[in-house]
Ligand code: ADP
Ligand code: MG
């Protein structure tokens, strides 16, 4: 399935008197890979949850393929830092949660290299394998949008690199639209077409990544660049 086009216009999101997102305007092309960075508590997860339809908007409009959306869409999937597998169900059944088709679930497990673990319990898997199962569960739903909320944050460095290249490979094959929240700016630059910085409830920087050319220099990115250079 091709990726969805997302348009966010004048999005406000408050929790009571706390204004978390203020007048966010943001367009994502079909099949684009956008990374979102920003300090802890700046509203990254809230933005993802709002796009996912798990939170209502306080103001503004979100459209998918030019149609206003409210509530959870069947072809949107999420991945979190904890894989959120059901411990009492085997791996294949976990992949089938929300996706009833067995063949698709097996195909998705094959795509993440874990078909031979189909009948294992989640508890015996490593952290990286659990995240692969969680990715397979997302893929088995034929998503046109995957929202990644720091999915690799708890993995060791080598496993994280393996997962990054797996996500990149599957995204290149399947072209679901991807929005990735990450603390790791090198990860954002490796995976994404664009990196967006959220500050004070708004988008303060939106940079296209083109690794063929020198990276855009902006003082607001210096703190992040220092982490990776
Ligand atoms: P981030 O993911 O960037 O670390 P979050 O989106 O989780 O930030 O949170 C942004 C702000 O919104 C924080 O101040 C947080 O405490 C608040 N917040 C998030 N969810 C809720 C909620 N359900 N109720 C009240 N406040 C919330
Ligand atoms: Mg968060």
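Of note:
Here's the yes/no breakdown for (1) away from ligand 2 (no atom under 16 Å from the Cβ); (2) more than 18 Å from residue 8 (Cα to Cα):
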| site | (1), (2) |
| --- | --- |
| 147 | no, no |
| 163 | yes, yes |
| 172 | yes, yes |
| 190 | yes, yes |
| 195 | yes, no |
| 201 | no, no |
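- The single residue among 145, 166, 109 that is touching a helix residue (DSSP H, G or I) at 6+ places or on another chain (Cβ under 9 Å) and either surrounded by fewer than 23 Cβ atoms within 10 Å (Cβ to Cβ) or modelled with pLDDT under 95 (or both) turns out to be 166.
- Hits in segment 14-34 (condition: closer than 25 Å to residue 171 by Cβ and within 13 Å of ligand 1 (Cβ to nearest atom)): 24
- Test: residue in segment 47-58 that is under 22 Å from residue 201 (Cα atoms), away from ligand 2 (no atom under 16 Å from the Cβ) and surrounded by fewer than 13 Cβ atoms within 10 Å (Cβ to Cβ): yes
The values are calculated or read from the model by the stated rules, or taken from the named source; none is laboratory data. No experiment lies behind these values; they were computed from the predicted model shown. For neighbour counting, all protein chains shown are included, and Cβ atoms are generated from backbone atoms with ideal geometry for every residue, glycine included.
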